[in-house]
Each structure stands twice: as C-alpha cells, then as structure tokens.
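Have a look at the structure below, then the notes.
Computed from the coordinates by the stated procedures, all read-outs in this text should not be read as laboratory data. Computed from a prediction, not measured in an experiment: that's the story for all the values here. Here the Cβ positions follow ideal geometry from the backbone for every residue, glycine too, while neighbour counts run over all protein chains shown.
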Amino acid sequence: ALSSVIPCYAAGQMQKLQVLRVVACNGMKEVFKTQLGTSSNKNNKSGGDEGNGGIPRVKNNVIMLPNIKILKIRYCNHLEHIFTFSALESLRQLEELMIEDCKAMKVIVKKEEDASSKKVVVFPRLTSIVLVKLPELEGFFLGMNEFRWTSFDEVTIKNCPKMMVFAAGGSTAPQLNYIHTGLGKHTLDQSGLNFHQTTSPSSHGATSCPATSEGTIWSFHNMIELYVERNYDVKKIIPSSELLQLQKLEKVHVCSCDGVDEVFEALEAAGRNRNRNRNSSSGSAFDESSQTTTLFNLPNLTQVKLEYLCGLRYIWKNNQWTAFEFPNLTRVHISTCKRLEHVFTSSMGGSLLQLQELCIWNCSEME
C-alpha cells in the first residue's frame, strides 16, 4: 500500500509541482514523507543536500514543495495530519486547500516539540480552506503560534463535530467576512476565526435539530443563509428555542430531508411537548395555561426554497403561543412536499406585503 505521496528521493524532481490531488489512498499515513535520520553535512548552510539535486529541506528533514498551489485530499482514512509545522514555510504559494472525508484526521498541521511558539505563520496567497466530514478533527493547528491569512476569503467547515478551535494561537484574516458550515452561511463577529469551544457537541446526545453536528459556535445567531440537504435524521430545521436568534437570516433552502415535518418549530405546551418529543431537546415548552403569544419577526428573511421534503407538514405553524412575521419576504418556492397542508396562515397576511413570487408544485395534500 502507498504509505506517502511524495517520497524523499523524488522531491528533487518535483519542484515545479503546482497541483496535487489524492483520492482513496487508505494505506497512506503521510502526504509528504518525513526523512528518517539527520543530515551528515553539518556545514551545509544553504538548506539543500549536495549530490541530491539541491532538494530543499527544513530543519527536521521534511521535503518542501515550494510551488504547490492546490492541494486536495479525499477518502484517505489513515491520515492523521497533512503538514508538520516546519513544512509550512515552504507553502507560500498555496492557494487552495481541501480535506474531505478522512476519518482519522486529527489536525491539519502537526505540532513539533522543537518549534518556537513565537514564530508567526503567514499564508500570503491562500484564499480557500475546505474541511468536510472529518469526525476526529480537533483543530487546524493546536500549537500556540499565530497565523496570518492575508488573502483568505472562503472558509468551509462541515461535519467536524470535535473541532474545538481553528488555530489555538490566534488567527488574523482581514479579508474573511463569512464562513460556510453544514447549517449554511454565517457572518463573522470581531473574534473572526478565534473561537474556542469548550465542550464537544458530539457529547450532547441526540437531537432533532441539524445544528448538533456543527456545534454552538456556528449556530443560528450569526446565520444569514440556511442550507440543509440530505439530512435524513432531522425533524425540525429551526428549533423553537432558536427563533429569537434569526435576526440576520436572509435565505432558507432545505432539500431532500425525508424526516423533516416542520421548518420553523412552533412553541408547544409543556405536556404536549413531552409526549411528542421525549427524546428531543430541541424545542421550548411552558405551561399550557399561558395566554401569552410570542411574536417572532424575521426582518431580513427574503427567500424560502423547500424541495423534496416528503414528511413536511408545516413550514411555520401558528398557534395560541406562536406567531410569525416576515415583512421582507419576496420569494417562496415549494416543490414535492406532498404532505404539506398549507403555506401561510390567515394571521400572516399582513406581513406578506413584499411577496413578489410564490411557486408551489407537486404538493398533493395542499388544502
């Protein structure tokens, strides 16, 4: 089985390599082979080895590929890291990095004991990082070095339930305004990528809400676009406990989630909620005798698109405890939601003055 992609003896002939894609190499344990032993040429100040093509090496004998621009790795289930820390200085040309579906991946950059924590790591050209379906990933880098991403404008982190931190030493990314997760698109606050989650969301137990696998950092309070696709376990897209956090939400798109029966979960009386959701912690419940109606106003929501939701019964269910308003909703597209009973309730009419486009197709139980 292939244990590494770039062996030491081959790197001298690969200095012009710009694009590297590695797919389904389950025996691979290293992308860039770490050379065993130390150099016997103590007087070599140039960083290269005489008689070996002038191969550039860093101090711990890791081969460097100074012209690599695009690196994509998928389905390599024995990889635990991609780079060692000392190899980062050779990645100044790197523009795109994508790591997907690697079950053993713990960090992207591995710490080294002899590396100084005062050194600042700069990626001058890296614009995009995509990290998807990495169930053991704890962070991009867990050492205390600071990272500067001067060209960063796209970050995607999806289905990484154990990710506690991006870079423990802090990150500066002046061009980055948004982050994409399995929930959708989120704005970044002043802390940017410098989040520190203290408890793994995977330890919270099962829930009917899709936010579970994404953690609490990227939840609903900073979401501007919600996109959930092919999640077959979720029942409620937005739990009632999060309805007050949707002030920034602009777009909703839910597709091919067969178990979904409600998009915006309405408040329920405590007794009913316990009977209906004994194993769910997503909803909010209270005394059934309460006469208070809570109004949820989503001022920035403009578009809703729902497709192939076989179990969907309600988009937003008004009851004596819950009312919804969407003052800027302009487009609603619904297709193949065969159990859906209605789109709007009569009490919503006054909040739909901006609605310009309503498309409903293949919804056979629509009243």
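So here's what we get for this one:
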| quantity | calculated |
| --- | --- |
| Shape category assigned to the stretch 65-155 from the gyration tensor of Cα positions, a/c cut at 1.5 | oblate |
| Potential lengthening between Arg92 and Ser117 on full extension [0.36 nm per residue; Cα-Cα distance subtracted] | 7.1 nm |
| At q = 0.18, 0.30, 0.32 Å⁻¹, base-10 log of I(q)/I(0) for the stretch 308-354 (Debye sum, equal scatterers on each alpha carbon) | -0.62, -1.14, -1.18 |
| Order by protection proxy (mean Cβ within 10 Å, highest first), peptides 181-189, 225-233 | 181-189, 225-233 |
| Rounded if a/c under 1.5, otherwise prolate or oblate - the stretch 120-186, Cα gyration tensor axes | oblate |
| For Ile360, residues with placed amide H under 5 Å, excluding near neighbours | Ile334 |
| Local electrostatic count, Glu138, Cβ distance below 12 Å [Lys/Arg +1, Asp/Glu -1] | +2 |
| Among 327-336, 348-357, the order from most to least packed when residues are scored by Cβ within 10 Å on average | 327-336, 348-357 |
